[in-house]
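Chemist: This is the structure, below, for whatever I ask next.
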Amino acid sequence: MSLYPNYPLRTERLTLRPFTRGDVDAVFAYRRREDVARYLFDTSLSREECALAVQQRIGQVALEAEGDKIILGVELADSGVLIGEVSLIWRSVEARQGEVGWIFDPDYQGRGYATEAANAMLDLAFGPGDIHRVSARCDVRNESSWRLMERLGMRREAHFREHAIFKSRWDEEFIYAILWQEWQTLRAAQTPS
Ligand SMILES: CC(C)(COP(=O)(O)OP(=O)(O)OC[C@H]1O[C@@H](n2cnc3c(N)ncnc32)[C@H](O)[C@@H]1OP(=O)(O)O)[C@@H](O)C(=O)NCCC(=O)NCCS
């Protein structure tokens, strides 16, 4: 099946919506930073590179074929300030596999916004997306990312040791995942009776 969500997606404190041309400066504010880029495949980005990235993201709003990505800007509902982005990639159509990711402005970290936005992406994947398993990956040194995966209820499935080269060094990677059934159980436990 395909996935064409109705935007925006809303959570208690956040609005998740497609990127627009007006987002370049807000994206540059966090993608220019070395601390944000440390565990990303990209290096820190110039303003021109951010403009290109935003241009690409404007079209990444639906899942129609394997490999497609939904990448949404995350805004504070109160102020409309763009604080980061979350993504869902369709890894396998046949096996209904998805992968989530996140990048947030350090000025807005430490308040649970990434957890809230990522939960909305899992709801999207497991609800209208009909995905069976959602995974996430990160460098083992990226503790804030794997702790986020654990807050979401994902299980650590793998620790790949020296399996690739990342920024000229051996890569050490964690893979986390959650199944549709596990997500249902978690959601049922969170719903007041
Ligand atoms: C990975 C990343 C998104 C995590 O951000 P984060 O701010 O740690 O995550 P959250 O927004 O969910 O905030 C969680 C923190 O807020 C606290 N918090 C406050 N209120 C909260 C709430 N209502 N709900 C959950 N956590 C809350 C948590 O206790 C936690 O703090 P702690 O780390 O001191 O334990 C962020 O570090 C990042 O963007 N890194 C750079 C890009 C990157 O590496 N991306 C991942 C590539 S794999």
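Chemist: For residues in the range 132-149 being over 25 Å from Val93 (Cβ atoms) and without any contact (Cβ under 8 Å) to a residue 60 or more places away in the chain, which is farthest from the ligand (Cβ to nearest atom)?
Modeler: First, pick out the residues of the range 132-149 that are over 25 Å from Val93 (Cβ atoms): 139-148.
Narrowing further to those that are without any contact (Cβ under 8 Å) to a residue 60 or more places away in the chain: 140, 143-144, 146-148.
Numbers: Val140: 11, Glu143: 8, Ser144: 4, Trp146: 8, Arg147: 6, Leu148: 5 Å.
Ranking the candidates gives Val140 first.
Chemist: Of the residues that sit in the range 11-54 and are touching a helix residue (DSSP H, G or I) at 6+ places or on another chain (Cβ under 8 Å) and part of a strand (DSSP E or B), which one is nearest to Asp78 (Cα to Cα)?
Modeler: So, considering only residues that are touching a helix residue (DSSP H, G or I) at 6+ places or on another chain (Cβ under 8 Å) and part of a strand (DSSP E or B), the one nearest to Asp78 (Cα to Cα) is Leu14.
Chemist: Can you give me the number of residues within the range 107-131 that are in contact (Cβ under 8 Å) with a residue 60 or more places away in the chain, closer than 24 Å to Cys50 by Cα and near the ligand (Cβ under 7 Å from one of its atoms)?
Modeler: 1
Chemist: Looking at Arg32, Arg38, which is the one that is surrounded by fewer than 15 Cβ atoms within 10 Å (Cβ to Cβ), modelled with pLDDT of 95 or more, of a type outside the set (Gly, Ala, Ser) and more than 29 Å from Asp130 (Cβ to Cβ)? Lay out the reasoning, then the answer.
Modeler: On the way: Arg32 fails: surrounded by fewer than 15 Cβ atoms within 10 Å (Cβ to Cβ).
Every option except Arg38 fails the conditions.
Chemist: A further question follows. Could you tell me how many of the residues in the range 160-193 are among the aromatic types (Phe, Trp, Tyr) and either within 12 Å of Asp139 (Cβ to Cβ) or over 20 Å from the mean Cα position of the chain (by Cα) (or both)? Outline the logic, then answer.
Modeler: To start, the set of residues in the range 160-193 that are among the aromatic types (Phe, Trp, Tyr) comprises 160, 166, 170, 174, 176, 180, 183.
Going one step further and asking which of them are either within 12 Å of Asp139 (Cβ to Cβ) or over 20 Å from the mean Cα position of the chain (by Cα) (or both), we end up with 160, 166, 170, 174.
The qualifying residues number 4.
Chemist: For Glu85, indicate whether it is assigned to a strand (DSSP E or B) and within 13 Å of the ligand (Cβ to nearest atom).
Modeler: Working: assigned to a strand (DSSP E or B): yes; within 13 Å of the ligand (Cβ to nearest atom): yes.
It is true that Glu85 is assigned to a strand (DSSP E or B) and within 13 Å of the ligand (Cβ to nearest atom).
Chemist: Right, here's the next one. Which members of the range 12-25 meet the condition of being within 17 Å of Ala118 (Cβ to Cβ) and out of contact with any strand residue (DSSP E or B) (no Cβ under 9 Å at 6 or more places or on another chain)? It would help to see each step written out before you state the result.
Modeler: Taking the range 12-25 first, the residues within 17 Å of Ala118 (Cβ to Cβ) are 12-17.
Within the range 12-25, just Glu12 meets the criteria.
Chemist: Looking only at the range 36-55, count every residue that is within 16 Å of the chain's Cα centre (by Cα) and not aromatic (Phe, Trp, Tyr) and tell me the total. Can you show your working first?
Modeler: Filtering the range 36-55 down to residues within 16 Å of the chain's Cα centre (by Cα) leaves 36-37, 39-42, 53-54.
From what is left, the residues that are not aromatic (Phe, Trp, Tyr) are 36-37, 40, 42, 53-54.
Going through the range 36-55 one residue at a time, the tally reaches 6.
The values are calculated or read from the model by the stated rules, or taken from the named source; none is laboratory data. These figures come from a predicted structure and were not determined experimentally. As a convention, Cβ positions derive from the backbone with ideal geometry for all residues, glycine included, and neighbour counts pool all protein chains shown.
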